[in-house]
Amino acid sequence: MAWEIVIGLEIHVQLATKSKLFSGAKVAFGAEPNTQTTLVDLGMPGALPVFNEQALRMAVTFGTAIDADIGKHSVFARKNYFYPDSPKGYQTSQMDHPIVGIGHLDIQLEDGSTKRIGVTRAHLEEDAGKSLHDDFDGMTGIDLNRSSTPLLEIVSEPDMRSAKEAVAYMRKMHAIVTTIGISDGNMAEGSMRCDANVSVRPKGQEKLGTRAELKNINSFRFIERAINVEVERQIDILEDGGTIAQETRLYDADKNETRPMRSKEEANDYRYFPCPDLLPINIDEAYIDAIRNALPELPDQRSARFVSQLSLSEYDAGVLSASRALADYFEAVVAVCNDAKLGANWVTGELAKFLNQNNMEINAAPVSAEQLGQLISRIKDDTINTKGAKTVFEALWDQTGTVDGIIADKGLKQVSDMGAIEAMVDDVIAASPKQVQQYLDAEVEKRGKMLGFFMGQVMKASKGAANPGQVNGLLKNKLDALC
Amino acid sequence: MTNKTLIQISDELSAGQYSSREITQDIIADIRARDAQFNSFITVSEELALEQADAADARRAAGHAELLTGVPFAHKDLFCTQGLRTTCASKMLEDFIPPYESTVGQRLLATGAVCVGKTNMDEFAMGSSNENSYFGAVKNPWDLNAVPGGSSGGSAAAVAAGLVPAATGTDTGGSIRQPASFCNLTGIKPTYGRVSRFGIVAYASSLDQAGPMCTTAADAAVMLNAMAGFDAQDSTSVQQDAADFTAELNQPLAGLKVGLPKEFFGSGLDPQVADCIMAAVKQIEALGAQIVDISLPNLELSIPAYYVIAPSEASSNLSRFDGVRYGYRCDQPEDLMDLYCRTRAEGFGKEVKRRIMVGTYALSEGYYDAYYVKAQRVRRLIKDDFARALAQVDVIMGPVAPTPAFDLGSNTKDPVAMYLEDIYTLSANMAGIPAMSTPAGFVNGRPVGLHIMGNYFAEAKLLNIAHQYQQVTDWHLQTPTSNTAKGA
């Protein structure tokens with residue numbers, strides 16, 4: 001039977017506010033436990049929340065960026081449940097009146113087409129603390145630094161039909177939140193994480209299948225894998241005549257499987273009611289318009305500009321506009337080297353490779369955009385060849401000097417002096433009688449391949465600095481002249 | 001020093017008749033000598049009080065004394081006091097020492113007032129008789145067989161017994177006014193949002209409001225001046241300029257329109273209490289007021305609506321008492337669920353658990369609309385009733401409670417009978433309007449309070465009326481030892 005996969009995502013974005021959602025404590029990652037807290041975050045008796053207006057601005061900014069309805073009257077509600085890292089015994093969230101209503105997001109599919117994914121709502125809520133299970137002799141430690149950190153929970157419609165679409169949606173969301181500057185988008189630190197609602201149904205069937213909710217996935221790679229293994233699990237069960245249980249499951253990346261959460265981790269009735277300690281938030285059209293008018297260039301707009309102004313391919317434009325930091329970096333490179341195509345190649349090629357290998361975000365790249373721009377300029381003015389440029393890039397990555405300094409120190413300056421190259425070519429031909437004979441004996445169409453040996457010898461003799469184009473031309477002429 | 005008013009003590013401190021240290025020492029000695037019979041204090045704070053008293057004396061010597069500088073008072077044990085145990089009369093917080101001071105406490109300390117201790121109360125402010133205390137029931141100084149009212153029963157008894165000239169209270173459904181009525185005090189619940197709730201352990205956040213309990217209306221006005229004012233730390237605090245609640249005390253009452261809601265004088269009201277109230281109303285009429293019959297048709301609904309909304313909020317507010325971070329924790333919990341269940345089962349008293357369960361039920365899926373949402377609708381009706389009435393009249397008067405103080409133990413078996421005690425007081429909290437009680441006579445030696453309710457932010461008007469009434473009566477000057485006036 002052919003199956004259709006149905007996916008909806010709930011993305012939690014940690015907002016990059018200076019202080020917490022309901023207290024003046026700083027939002028900081030990795031601080032000593034319980035140092036970034038006030039009476040409010042600790043849930044002390046009598047402590048009261050005060051709403052952080054910066055979080056409201058960020059939520060409204062997001063809403064305008066996805067062209068959503070903005071709640072002019074939004075209300076905080078208490079979600080009641082007991083858990084040790086929930087210091088008040090409830091989470092302050094939004095239920096009936098969220099700050100952001102219905103909106104949408106367009107994703108690019110692999111075939112190049114665009115698909116619109118519905119956004120049901122986005123609401124503000126506070127994060128919980130963390131339970132620490134190590135180093136406490138069988139007890140549990142509670143760190144409330146994260147308590148009351150502002151989150152925007154973005155709920156999609158069940159509009160995605162493959163794990164790849166879910167990843168594309170998540171990436172697009174990442175691009176938007178980083179572009180509008182409401183989050184650092186750092187998934188490794190949990191600034192962006194998602195729950196995926198996954199179900200399958202026979203192709204053509206209207207009714208949705210029973211869904212499982214995959215909790216707390218915190219990387220693009222894991223979203224794809226988690227959804228795929230879950231889909232496989234559900235199809236296996238259904239094809240064996242079984243039924244899917246509606247439940248919450250966890251993705252175990254090490255075992256690459258999903259498993260049900262213990263039922264105790266699931267709360268059934270959250271007893272939502274409007275939080276009596278906080279007033280409803282009322283905003284007017286002018287407030288929303290001012291924010292809408294101040295929106296920066298959004299990823300789709302930037303991508304379109306990369307295609308129209310810089311003549312990039314749709315693909316490169318999409319990759320480079322996927323995060324504000326990456327797009328800013330790329331544009332800074334192009335500003336220096338004035339070559340969008342080469343700039344795109346280097347940013348999506350060598351730079352991306354090094355970032356990946358070192359598991360690093362663009363912001364942390366040790367090679368600055370200016371340096372990469374200079375490096376590309378040196379390729380363009382024939383000072384160095386591509387191979388030499390890669391050597392320079394590696395040295396820049398290790399922060400061992402400037403572009404020109406490294407070129408000089410490593411003697412990478414390309415030799416384009418015809419006389420010097422000719423002398424090296426002659427030396428190589430003279431020193432390789434056997435290979436010359438083989439070249440002469442070979443059929444004409446196979447000689448091109450055999451040229452490689454001589455190329456290698458000359459480049460070696462020049463320590464890689466000879467202009468490869470010139471070497472190639474000279475070798476061909478001289479060898480063919482021997483025939 | 002028994003039964004001196006706050007203003008009297010303030011004057012005597014100014015006149016140099018004694019120092020703050022001296023009167024603070026006297027008061028603490030008096031509490032230690034006499035309070036065993038009332039049980040009105042949970043904690044006496046001698047060391048901190050004397051530090052504060054010395055600072056007040058130094059301030060006076062430096063010429064910076066304010067009205068309350070050096071004047072001793074007591075806090076209901078629901079106000080967080082930095083470095084001083086705050087129990088909420090619960091085993092749950094038996095040993096809890098807050099690391100911070102409530103906004104009200106900070107304001108009082110900033111004027112130089114001296115906190116001598118923390119008063120007994122119904123556990124987490126849930127009750128109308130002060131019998132729901134982990135630290136034992138409070139006795140009414142007017143009659144040791146009677147309850148002092150609740151939940152601010154300890155504050156009421158302490159002031160009535162002359163142990164302190166003033167105390168703070170909180171009023172969620174009558175918890176200042178009813179004990180003030182039962183103990184012959186002047187107590188006012190301000191407009192919701194007038195006094196910051198920051199640092200006051202929450203019972204029902206949308207109803208809780210703190211206020212003073214004193215002998216006279218003038219004292220209450222001075223206390224309220226110190227307690228009230230906008231606080232950025234409480235989002236429900238009202239952004240109003242600080243008012244001077246003493247400013248209108250001496251205004252004549254000529255032309256005042258007083259409404260008497262017929263629902264306040266129905267069959268549930270003790271006829272002798274009704275006589276006291278009508279006599280008081282007559283006297284106010286004699287002062288120039290005009291008496292008008294009005295109706296608050298939804299008054300009766302305030303009991304069921306209150307007993308849905310307050311427990312709902314309480315069930316959530318009290319969730320933080322889970323044995324994880326502070327407060328009571330059960331012995332040797334087997335696992336997390338056992339920790340939660342036993343900590344809360346052992347740490348909370350019966351009435352608190354009853355209200356948590358009622359509230360949890362009212363908020364649960366499938367019942368929420370039928371209970372909580374409906375109760376909020378009723379609340380709107382009650383608000384509208386008052387809006388209509390207060391468009392017609394300046395203030396509303398009636399009894400605070402259907403009866404004078406009842407005997408200890410007489411209502412404890414029947415929680416619903418106890419809830420009916422609050423019939424006249426709940427509606428002011430539901431609407432958020434200010435309301436107060438002022439002494440208006442006695443029934444069989446037990447005090448009766450006159451209930452005065454007004455429009456939002458009309459505290460000065462209410463205090464004015466009470467003060468003018470107190471100028472022509474001496475009910476408020478009666479003390480349990482001096483009292484000879486029986487019956488109205």
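The values are calculated or read from the model by the stated rules, or taken from the named source; none is laboratory data. Quick caveat: nothing in here was measured; it's all calculated off a predicted structure. With ideal geometry, Cβ positions are generated from the backbone for all residues, glycine too; neighbour counts draw on all protein chains shown. Ligands, DNA and RNA are stripped out before the accessible areas are found, and what is left, the full protein with its side chains, is counted by its heavy atoms. Shrake-Rupley method; radii C 1.70, N 1.55, O 1.52, S 1.80 Å.
Its relative contact order, with pairs defined as Cα atoms under 8 Å and 6+ residues apart, puts segment A:418-482 at 45 percent.
Couplings 3J(HN,Hα) of segment A:446-456, computed from phi: 8, 5, x, 4, 6, 4, x, 4, 5, 3, x Hz, in residue order, whole Hz [Karplus 6.51 cos²θ - 1.76 cosθ + 1.60, θ = phi - 60°; x for Gly and Pro].
Radius of gyration (Cα atoms) of the protein assembly as shown, expressed as a multiple of 2.2 N^0.38 Å: 1.27. Where q = 0.10 Å⁻¹, what log10 of I(q)/I(0) comes from the Debye formula for chain B, counting one point per Cα? Log-scaled intensity ratios, in q order: -0.68.
Sort the following peptides by mean Cβ neighbour count (other Cβ atoms within 10 Å, averaged over residues), highest first: A:92-103, B:368-379, A:359-370. Before the final figure, lay out each step's value.
Details: A:92-103: 20.2, B:368-379: 16.9, A:359-370: 15.3.
Top to bottom by mean Cβ count within 10 Å: A:92-103, B:368-379, A:359-370.
Remark: relative contact order (chain A) = 14 percent; criterion is Cα-Cα distance under 8 angstrom and separation of 6 or more residues.
Let me check something: with ligands and nucleic acids excluded, how do B:ARG85, B:ARG388 order by accessible area (1.4 Å probe), largest to smallest? Numbers along the way, then the final one.
Working: B:ARG85 60, B:ARG388 145 Å².
Result of the area sort, largest leading: B:ARG388, B:ARG85.
Computed 3J(HN,Hα) for segment A:275-289, one whole-Hz value per residue from the Karplus formula 6.51 cos²θ - 1.76 cosθ + 1.60 where θ = phi - 60°, is 5, x, 8, 10, 7, x, 8, 10, 10, 10, 4, 5, 4, 5, 4, glycine and proline marked x.
Ellipticity at 222 nm from helices only: DSSP H runs of n ≥ 4 in chain B, each -39500 (n - 2.57), divided by the residue count, give -11500 deg cm²/dmol.
Taking beta carbons within 10 Å but only from partner chains, what does the mean come to for residues A:74-87? Present the calculation step by step, with values, prior to reporting the outcome.
Numbers: counts 0, 0, 1, 0, 5, 1, 7, 1, 10, 4, 7, 1, 4, 5.
Taking all residues of A:74-87 together, the mean is 3.
Remark on A:ILE99: its backbone amide H falls under 5 Å from those of A:LEU124, a criterion applied only to residues 5 or more positions apart or on other chains, H modelled at 1.01 Å from N. For segment A:418-482, the carbon plus sulfur part of the accessible surface works out to 57%, probe radius 1.4 Å.
Packing-wise, with mean Cβ within 10 Å as the measure, how do B:276-288, B:122-134 rank, highest first? Working shown, then result.
Numbers: B:276-288: 17.6, B:122-134: 28.0.
Top of the packing list down: B:122-134, B:276-288.
Along the Cα-to-Cβ line of A:MET139, 7 Å from the Cα, sits a label point; which residues in segment A:79-107 have backbone N less than 17 Å from it? The answer is A:84-85. Taking every residue in A:272-280 and counting other chain Cβ atoms within 10 Å of its Cβ, the average works out to 6. Electrostatic tally near B:ILE423: other residues with Cβ closer than 13 Å to its Cβ, Lys and Arg +1, Asp and Glu -1, net -4. Ordered by 1.4 Å accessible area with all protein chains kept, A:GLU314, A:GLU232, B:GLU94 run largest first as A:GLU314, A:GLU232, B:GLU94. 3J(HN,Hα) along segment B:342-357, derived from phi through the Karplus expression 6.51 cos²θ - 1.76 cosθ + 1.60 where θ = phi - 60°, amounts to 6, 4, 6, 5, 8, x, 9, x, 4, 5, 4, 5, 4, 6, 4, 5 Hz, with x in place of Gly and Pro.
A simple spin-label model places pseudo-atoms 7 Å from Cα toward Cβ; at A:THR391 and A:ASN216 they are separated by 5.0 nm.
Each label point was placed 7 Å from the Cα along the Cα-to-Cβ direction; for B:ARG34 and A:LEU109 their separation is 8.7 nm. Hydrodynamic radius of segment A:254-390 by the Kirkwood approach over all distinct alpha-carbon pairs: 19.0 Å.
Between the amide H of A:GLY46 and those of B:ALA202, distances stay under 5 Å, these residues lying 5 or more places away or on another chain, with hydrogens modeled in the peptide plane.
Counting, for every residue in B:347-355, the Cβ atoms of other protein chains within 10 Å of its Cβ and taking the mean gives 0. Taking every DSSP helix (H) stretch of at least 4 residues in chain A, weighting each as -39,500 (n - 2.57) and dividing the sum by the residue count yields a mean residue ellipticity at 222 nm of -12500 deg cm²/dmol. For the pair A:VAL307 and A:ARG292, the difference between a 0.36 nm per residue extended length and the Cα-Cα distance amounts to 2.9 nm. A Förster distance of 41 Å, applied to the separation of the beta-carbon atoms of B:ASP369 and B:ASN444, puts the FRET efficiency at 0.30.
Quick one: of the DSSP bridges fully inside chain A, what percent are antiparallel, nearest 5? That works out to approximately 90 percent antiparallel.
Among DSSP bridges having both ends in chain B, what percentage is antiparallel? Round to the nearest 5. Present the calculation step by step, with values, prior to reporting the outcome.
On the way: 29 of 42 bridges.
Counting only bridges with both partners in chain B, antiparallel ones make up about 70 percent.
For the residues B:THR86, A:THR243, a 1.4 Å probe over the protein chains yields an accessible-area ranking, largest first, of A:THR243, B:THR86.
Ligands, DNA and RNA excluded, the heavy atoms of A:SER313 present near 50 Å² of accessible surface to a 1.4 Å solvent probe. Each Cα pair under 8 Å and six or more residues apart adds its separation to the average, and for chain B the resulting relative contact order is 18 percent.
In this simple spin-label model, placing a label point 7 Å from the Cα along the Cα-to-Cβ direction at both B:ASP95 and A:ALA481 gives a separation of 10.0 nm.
Antiparallel DSSP bridges in the protein assembly as shown: what percent, to the nearest 5? Write out the running numbers ahead of the final one.
Details: 82 of 100 bridges.
Among the beta bridges of the protein assembly as shown, antiparallel pairing accounts for roughly 80 percent.
Provide the gained length on full extension for the span A:ASP426 to A:ALA408, in nm with one decimal, where the gain is 0.36 nm per separating residue minus the Cα-Cα distance. Before the final figure, lay out the partial values.
Values: separation 18, 0.36 × 18 = 6.48 nm, distance 2.65 nm.
Between A:ASP426 and A:ALA408, full extension yields an extra 3.8 nm.
Available extension along the chain between B:THR481 and B:LYS383 is 31.2 nm, counting 0.36 nm per residue and deducting the alpha carbon span.
From most to least packed by mean Cβ count within 10 Å, the peptides A:372-383, A:206-217 give A:372-383, A:206-217.
As an exercise, use a Förster radius of 56 Å and the Cβ-Cβ distance of A:ILE235 and B:ASN250 to find the FRET efficiency, rounded to the nearest 0.05. Here the calculated transfer efficiency is 0.10.
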